[in-house]
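These notes are about the structure you will find just below.
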Amino acid sequence: MKQVILITGDSRGIGKSLCEHFCNRGFFVFGCSRSETTFSHPGYVHMVADITKEDEVKMVVRRCLDEGQRIDILINNAGIASMNHLVSTPAKTVTNLFETNFLGTFLFSREVSKAMIKNSYGRIINFTTVARPLNLEGELVYSSTKAAVEQFTKVAAKELGSFNITVNAIGPTPVATGLTKTVPNEKLDKIISSQAIKRMGTFSDIHHVVDFLVDPKSGFISGQIIYLGGINS
């Protein structure tokens, strides 16, 4: 029986690459984002939804369960970034970042875990960033939202562990996506120089870690924050 996976933020970048990857692996893939996607596959269903809206999140999860019968894996990939100094950060930016990066992760995890509990099985993968352990200047609010995601990951792992549900988080180093296009080269170079493995990350680097964490054999690994590139917390 095909495993059913739900990926948020699937229309571009890491999310789109994950959809392609898991479709190629034979999974039944559901995805959602605020915009349409150019990717299509017989085993893939895309939905347009705002992950900060509770009713829309419930709609997405309901459709997944109606068509897929269950959800084995949730990947909370959707997120936004903004580079602002503390004194020049508008309050609206703070609200937008926390609603998308933290609230969206919370809402999907809450709704999907209800279905996973009924099946006594589940894998939840959240996305954080190396900007958190590196304490990068100019990314105060962004890294704070991801710190919240990391705390959420650790506590949710404890609350869901007895139901055979694991919750882990991945913190990629810079990858060539829309989020990094506006980052100055000097800043990217500084991040890379802080890594043990001094290069940009790739989609394949992320795929390998996700594959490991969602594997049924990885049921004893939960509450972990894995930074790529050799970054230490």
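Computed from the coordinates by the stated procedures, all read-outs in this text should not be read as laboratory data. Small disclaimer: the values here were computed from a predicted structure and weren't measured. Cβ placement follows ideal geometry from the backbone for every residue including glycine, while neighbour counts extend to all protein chains displayed.
Sorted into 10 angstrom bins from 0, the C-alpha pair distances of region 79-233 split as 11, 38, 34, 15, 2 percent.
I'd like the projected area of region 69-112, averaged over all directions, using the convex hull of its alpha carbons. Report it in nm² with one decimal. Walk me through the numbers before you get to the answer.
Details: hull surface 14.3 nm².
Seen from a random direction, the Cα hull of region 69-112 projects 3.6 nm² on average.
Rounded to the nearest 10 degrees, the inclination of helix 13-24 to the longest alpha-carbon principal axis of the chain is 30 degrees.
Angle of helix 203-214 to the longest C-alpha principal axis of the chain, folded into 0 to 90 degrees and rounded to 10: 50°. If the chain linking ARG62 and THR95 were pulled fully straight, counting 0.36 nm for each residue of separation and taking away their Cα-Cα distance, it would gain 9.2 nm. Take the Cβ atoms of LEU86 and THR38, set R0 to 35 Å, and the FRET efficiency comes out at 0.40.
Students often get this wrong: which residues of region 175-195 have the backbone nitrogen under 13 Å from the point 7 angstrom along Cα-to-C-beta of THR202? Flagged as within label range: 176. Projected label points at PHE220 and GLU137, each 7 Å from Cα along the beta carbon direction, are separated by 4.5 nanometres.
Using Cα positions and a limit of under 24 Å, work out the lysines in reach of LYS58, with same-chain residues fewer than 8 apart set aside. Cα-Cα hits under 24 Å: LYS2, LYS16, LYS114, LYS118, LYS146, LYS154, LYS158.
Peptides 77-83, 2-8, 122-128 ranked from most to least packed by the mean count of surrounding Cβ atoms within 10 Å: 122-128, 2-8, 77-83.
In terms of the Cα gyration tensor, with a ≥ b ≥ c the square roots of its eigenvalues, is region 1-155 rounded because a/c is under 1.5, prolate because a/b exceeds b/c, or oblate?
Since a/c reaches 1.5 and a/b is larger than b/c, the shape of region 1-155 is classed as prolate.
Highest mean first, the peptides 66-73, 96-103, 218-225 sorted by other C-beta atoms within 10 Å per residue fall in the order 96-103, 66-73, 218-225.
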